[in-house]
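Worksheet: the structure to be examined is printed underneath.
The values are calculated or read from the model by the stated rules, or taken from the named source; none is laboratory data. Keep in mind that this is a model prediction, so the values were computed, not measured. Ideal geometry is used to build each Cβ from the backbone, glycine not excepted, and the neighbour counts take in all protein chains shown. Keep in mind that these areas ignore ligands, DNA and RNA; they rest on the heavy atoms of the full protein, side chains included. Shrake-Rupley method; radii C 1.70, N 1.55, O 1.52, S 1.80 Å.
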Amino acid sequence: MQRTQFGEMACSIARTLDVIGEPWSPLILRDVWAGVLRFDHIQADLGISRKVLTERLNHLVEQGVLERVPYDARPRYEYHLTPKGTDLVEVLMVMTRWGDRWLAGEAGPPVLYRHHACGQIAHVDPHCSHCAQPMHPADIDLLPGPGAA
């Protein structure tokens, strides 16, 4: 069965899902962001099969989200976020906020974010890039953009 090509849709959410919509991809990106950079370490942390991890890493490299950096002559590689991948981490941070709010349960969030600028524990809260006011779904109108179908 052939998978739907989300990357060809005139929708930024669909196009993003084409890059990271498979469940392992966000977890791999999370690990790399957290400093788990080598294949064997990512595999051990996630408990993912070598085959699936290889496929996912290849896809993320092909999409320009991760880059391979050699660390051994065998060759062996570490995986590093590219600028494109670093931007995707912001998506993961918003997902984390939602998961912390709705799914963390009695134990609370498994990870806390300390903001470098102020040193405080904080959560991600989208703000307008023009006026710096918080942006929530009820505060936004959806308008057709130049790439609309």
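Kindly establish whether residue 56 is closer than 30 Å to residue 149 by Cβ and either modelled with pLDDT under 95 or open to solvent by less than 80 Å² (accessible area, probe 1.4 Å) (or both). Talk me through it step by step, then tell me what you get.
Values: closer than 30 Å to residue 149 by Cβ: yes; either modelled with pLDDT under 95 or open to solvent by less than 80 Å² (accessible area, probe 1.4 Å) (or both): yes.
Judged against the criteria, residue 56 is a match.
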Within segment 69-100, residues being among the charged types (D, E, K, R) and not in a helix (DSSP H, G or I) number 4
*Filter pass, residue 24 being in contact with a Gly (Cβ under 9 Å, 6 or more places away or on another chain), surrounded by 13 or more Cβ atoms within 10 Å (Cβ to Cβ) and not aliphatic (A, V, I, L, M)*: no
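Let's see how each residue does on (1) within 16 Å of the chain's Cα centre (by Cα); (2) open to solvent by less than 80 Å² (accessible area, probe 1.4 Å); (3) more than 19 Å from residue 27 (Cα to Cα):
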position: 96; (1), (2), (3): yes, yes, no
position: 104; (1), (2), (3): no, yes, no
position: 119; (1), (2), (3): no, yes, yes
position: 132; (1), (2), (3): no, yes, yes
Going through segment 46-68 in order, the residues found to be in a loop (DSSP other than H, G, I, E, B) and either of a type outside the set (S, T, N, Q) or at positive phi (or both) are 47, 48, 64, 65
Within segment 8-21, residues being of a type in the set (Gly, Ala, Ser) and exposed (fewer than 14 other Cβ atoms within 10 Å of the Cβ) number 2
